[in-house]
Each structure stands twice: as C-alpha cells, then as structure tokens.
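So the structure is just underneath, and the comments pick up after that.
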Amino acid sequence: MFAALVTIATSVVFAVAAPASSLDARAGAPIPVPVHPILNTSKCMGIVGGVYANGTQVDIFDCNDSASQSWEINDGTLPGLSSFSSATTGTDVYCLDAGVPADYADGVQMKIWKCFSGLAQQTWNKLESGQIQLANTNFCLDLTNGDITNRNVLQIWTCTAGNTNQIWTIDSPQ
Ligand SMILES: *[C@@H]1O[C@H](CO)[C@@H](O)[C@H](O)[C@H]1NC(C)=O
Ligand SMILES: *[C@@H]1O[C@H](CO)[C@@H](O)[C@H](O)[C@H]1NC(C)=O
Ligand SMILES: *[C@@H]1O[C@H](CO)[C@@H](O)[C@H](O)[C@H]1NC(C)=O
C-alpha cells in the first residue's frame, strides 16, 4: 500500500519538476480553504503573525477567516499530490515547506517559503486517512505534541496509522 503510493507520488513529482519556476501568483489559482487539525476543528493552520516571508513558522490558531489561514491546494484533486500555498495577495506566493530534504527528521518545524513548482519539500500527499504526507517520505504533517494551543508550531513526524496528531480536515471550496 505505502510502496504503491510512493511510486505514484514519484512519477507525479517528476512530471512537474522541471523547470522549477515560481508558481503563477494568482491567475487560475485554486480557491483557498482552511485546514484544521482533527483534534479541534475550530483551529486552523496558519502562519505565525500572518507574516508572509521566507521562513515564517506555520502554526495553528483560532480560525478567523484571515487570508493567512487559507490554503490553495494545487496540482490535483484530493486525495492526491499537492502543494499548499498561502493566499497572499502579494507578488510572491508562499508554500508549506518542510525544509531541506537532507534534514528531514521527527520534530522539524514547518515554515512557509516562496513556492517553486515541483519542489520536493513543498509537495504533499493528502491520504484517505486524513494524513498529509510529505511526498516520497514517511513523514507526515503533525500537530506538535497534540497541543491545540494557539501558536503551536507544526512539525513533521514519522507517519503512524491512527495518530490523531496527524489527521487534518480540509474544507471544501465555498
Ligand atoms: C477548540 O478551539 C476553540 C477555539 O479556540 C475553543 O473555543 C474550544 O474550547 C476548543 N475545544 C476544546 C475541546 O479544547
Ligand atoms: C488571525 O489568525 C492569525 C494566525 O493564523 C493571526 O496572525 C491574526 O492576527 C488573526 N487575526 C485576527 C483578526 O485575530
Ligand atoms: C525567498 O527565497 C527565494 C529562494 O528560495 C528567493 O528567490 C526569494 O527572493 C526570497 N524572498 C525574499 C522576499 O527574500
């Protein structure tokens, strides 16, 4: 099962990998939607302080309909392979980013970074289980310590079936 998913993910990543141009800012962008931890769906994945910049940490906060809590699910229907880009109206579009692949490990904190099409560390696979798996890895987007306190920064952690820290719900576009 897992091996099959990885195979699919690999082929899709390669299909979109070159050239690594930045994503078109707004034209044709998907409708941005909130992403919630299953442990409290009144919380939303957002960016700390609503600051659009390379390296701003990605956290949870009370849902408040702000742009920085809205994510465009790109490059495919769910479940499937996607990047999660923020809904900034600025020039640069920022994506949920897991950092340099060589440094992937349990506990690496999530941030946003300028989106680059097909970049591995910005490519995620939304599984039927509700897990959001970093493409070509066994790491999943994880609510750190299962703590639903505002400003808890998200991390990656080894994907574990049934781990509620790793289960996310994504609203349908309105
Ligand atoms: C979930 O989050 C909301 C918004 O912060 C809060 O009002 C509510 O008490 C939380 N629920 C639980 C079970 O902690
Ligand atoms: C909405 O939440 C974001 C964090 O996701 C926060 O930076 C922003 O200040 C909040 N806005 C309001 C009006 O509370
Ligand atoms: C963010 O980083 C990218 C390189 O990864 C760079 O091209 C871009 O200029 C940076 N953005 C800012 C505002 O410095």
Exercise for the section: Under 6 Å between Cβ atoms, at least 6 apart or on separate chains: pull out the pairs that start in the stretch 112-128 with a residue that is crowded, with 19+ Cβ neighbours inside 10 Å and end on any residue that is among the polar types (S, T, N, Q) and not in a strand (DSSP E or B). Expected result: 112/56; 113/54; 117/21; 122/83; 123/83
Handout entry: Conditions (1) touching a Gly at 6+ places or on another chain (Cβ under 8 Å); (2) surrounded by 18 or more Cβ atoms within 10 Å (Cβ to Cβ); (3) modelled with pLDDT of 95 or more; number of the one not met by residue 164
Key = (2)
Handout entry: Any chance residue 145 is of a type outside the set (Ser, Thr, Tyr), touching a Leu at 6+ places or on another chain (Cβ under 8 Å) and not in a loop (DSSP other than H, G, I, E, B)
Key = no
Exercise for the section: Kindly provide the set of residues from the stretch 25-64 that are under 20 Å from residue 115 (Cβ atoms), in a loop (DSSP other than H, G, I, E, B) and without any contact (Cβ under 8 Å) to a residue 40 or more places away in the chain, ordered by number. Expected result: 27, 28, 51
Exercise for the section: Filter the stretch 75-84 for residues that are crowded, with 21+ Cβ neighbours inside 10 Å and either modelled with pLDDT of 85 or more or assigned to a loop (DSSP other than H, G, I, E, B) (or both) and give the result. Expected result: 83
Practice task
Starting from the stretch 130-153, take each residue that is within 16 Å of ligand 2 (Cβ to nearest atom) and list its partners that are at pLDDT 95 or above and acidic (Asp, Glu), counting only C-beta distances under 7 angstrom and pairs at least six apart or across chains.
Solution key: 150/62; 151/59; 152/59; 153/59
Fill in the blank from the handout: Restricting attention to the stretch 98-111, the residues that are surrounded by fewer than 16 Cβ atoms within 10 Å (Cβ to Cβ) and within 16 Å of ligand 2 (Cβ to nearest atom) number exactly 1
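Matching residues to (1) at pLDDT 95 or above; (2) farther than 20 Å from residue 71 by Cα; (3) among the aromatic types (Phe, Trp, Tyr):
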{"position": "121", "(1), (2), (3)": "no, no, no"}
{"position": "127", "(1), (2), (3)": "no, no, no"}
{"position": "138", "(1), (2), (3)": "yes, yes, no"}
{"position": "142", "(1), (2), (3)": "yes, no, no"}
{"position": "154", "(1), (2), (3)": "yes, no, no"}
{"position": "157", "(1), (2), (3)": "yes, yes, yes"}
{"position": "160", "(1), (2), (3)": "yes, yes, no"}
{"position": "168", "(1), (2), (3)": "yes, no, yes"}
Completion exercise
Going through (1) modelled with pLDDT under 95; (2) within 16 Å of ligand 1 (Cβ to nearest atom) one by one, residue 70 fails only at (2)
Exercise for the section: May I ask you to list the residues in the stretch 99-110 that are closer than 10 Å to residue 154 by Cα and within 15 Å of the chain's Cα centre (by Cα)? Expected result: 108, 109, 110
Practice task
Give the stretch 56-67 a look and list any residue that's exposed (fewer than 14 other Cβ atoms within 10 Å of the Cβ) and either under 14 Å from the mean Cα position of the chain (by Cα) or among the charged types (D, E, K, R) (or both), or say none.
Solution key: 62, 65
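The values are calculated or read from the model by the stated rules, or taken from the named source; none is laboratory data. Since the model is a prediction, treat every value here as computed from it, not as a measurement. Positions of Cβ are backbone-derived with ideal geometry, glycine not excepted, and every protein chain shown enters the neighbour counts.
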